[in-house]
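The values are calculated or read from the model by the stated rules, or taken from the named source; none is laboratory data. None of the values given here were measured: they were computed from a predicted structure. Cβ: placed from backbone, ideal geometry, glycine included. Neighbour counts: every protein chain shown.
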Amino acid sequence: MPRKKVIIDTDPGVDDAQALLLALRSPALDVLGITTVAGNMPLETTTRNALVVMEHSGREVPVYAGATEPLIEPLETAAHAHGQDGLGDVGYPDPVGKMEDEHAVDFIIRTVVESADPVHLVSVGPLTNIALALTKERRLEERVASLSMMVGSWARGNLTQVAEYNAGVDPEASDIVFRSRIPKTMVALDPVFESATITAEDVDLLEAAGTPWCTMVAKLIRPWLERWPRPHISLCDPAAVAVAIDPAVAEIELLPVAIETRGQHTRGMTVVDFRRGRGHALGILEANVNVELRFHRERFRKLVMDTYLAQS
Ligand code: BDR
Ligand code: CA
């Protein structure tokens, strides 16, 4: 099987690091580039962290820095969840390599437009870069083969009561992307918390593996596990990568989804119409997003663990 060509857009971020390592180690993916966006940390830090993670992956992939701020509102970072350095304050030294000169948005456009093969996008941060790319080059709507996004929720959020971080930190960008015709998949918090999981024993296995990438994943998960001990550990951003690797890892349904950009208490919420076929009530004529309903827990776990643990 030819490897799927992908660009990973990310704001590392502890779970972004896990997602990057999953993508970079997957034999199913050909990662053409990593693009960074301001999110969990300011852009300078997310770019530094992307380079650090890439250098622990055993792979060499160019890193491009993108948007420094959400489209409208000031950035709200998430150091409380990801540590002051965005990588759990483990103390990783600065990377050896440097980022590329080209802007992330231009890299995305150039790569998608010029590639003879389909190019897929995986987004595990705020959607600012993707929205800017779409706004700058409308041909992307037809040319992007698919977009797998860690974004949104329907029961409760983590930025606010109702807004998931990536959707809520840049609602205008989310709105542009959700309204676009790119074939897209929404990996929301709800199915991830329920079923995109590995076990505490799996973390022991990663620790014992001894490769730089497994050690990094284990070091990033271990403190969270100690803080909140539990048998199943949800992997947010890796879930969007897993969907790009194997779409059958989860059950999906094509549904109408809108982004709330104006609500007094609900800005940044992903409004999913589960009533089936009545999306006009949201002002969306057609179902526009493949919504992941639940992951096949064991299939997900095996995909993630087999990929991390493989030596070559
Ligand atoms: C998302 O928010 C960020 O903190 C994580 O990196 C992830 O992309 C989960 O809501
Ligand atoms: Ca992220």
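Structural remarks
- Considered as a group, the residues in the stretch 26-43 that are touching a residue at least 60 places away in the same chain (Cβ under 8 Å) and surrounded by 24 or more Cβ atoms within 10 Å (Cβ to Cβ) include one that is farthest from ligand 1 (Cβ to nearest atom), and that residue is SER26.
- Between PHE193, PHE178, the distinction of being hydrophobic (A, V, I, L, M, F, W, C) and under 21 Å from ASP106 (Cα atoms) belongs to PHE178 only.
- Test for PRO2: is it modelled with pLDDT of 95 or more, surrounded by fewer than 20 Cβ atoms within 10 Å (Cβ to Cβ) and either closer than 25 Å to PRO171 by Cβ or away from ligand 1 (no atom under 16 Å from the Cβ) (or both): no
- The C-beta contact set for the stretch 156-167 (first residue more than 20 Å from PRO12 (Cα to Cα), second residue within 16 Å of ligand 2 (Cβ to nearest atom) and assigned to a loop (DSSP other than H, G, I, E, B), distance under 7 angstrom, 6+ apart or interchain) comprises THR160/GLY268.
- The single residue among GLU194, GLU141, GLU164, GLU172 that is among the charged types (D, E, K, R) and within 10 Å of ligand 1 (Cβ to nearest atom) turns out to be GLU164.
- Residue tally, condition of a type in the set (Gly, Ala, Ser) and more than 12 Å from ligand 2 (Cβ to nearest atom), over the stretch 113-128: 2
- A single entry from GLY97, GLY157 fulfils the requirement of being within 18 Å of LEU189 (Cα to Cα) and either touching a helix residue (DSSP H, G or I) at 6+ places or on another chain (Cβ under 8 Å) or not in a loop (DSSP other than H, G, I, E, B) (or both): GLY157.
- Filter result (over 25 Å from ARG227 (Cα atoms) and either among the charged types (D, E, K, R) or at pLDDT below 95 (or both)) within the stretch 36-88: GLU44, ARG48, GLU55, ARG59, GLU60, GLU69, GLU73
- Considering the stretch 146-157, the residues that are surrounded by 17 or more Cβ atoms within 10 Å (Cβ to Cβ) and over 12 Å from the mean Cα position of the chain (by Cα) include one that is farthest from ligand 1 (Cβ to nearest atom), namely SER146.
- Look at (1) part of a strand (DSSP E or B); (2) among the acidic types (Asp, Glu); (3) buried (at least 24 other Cβ atoms within 10 Å of the Cβ) and you find that ASP16 fails only one, number (1).
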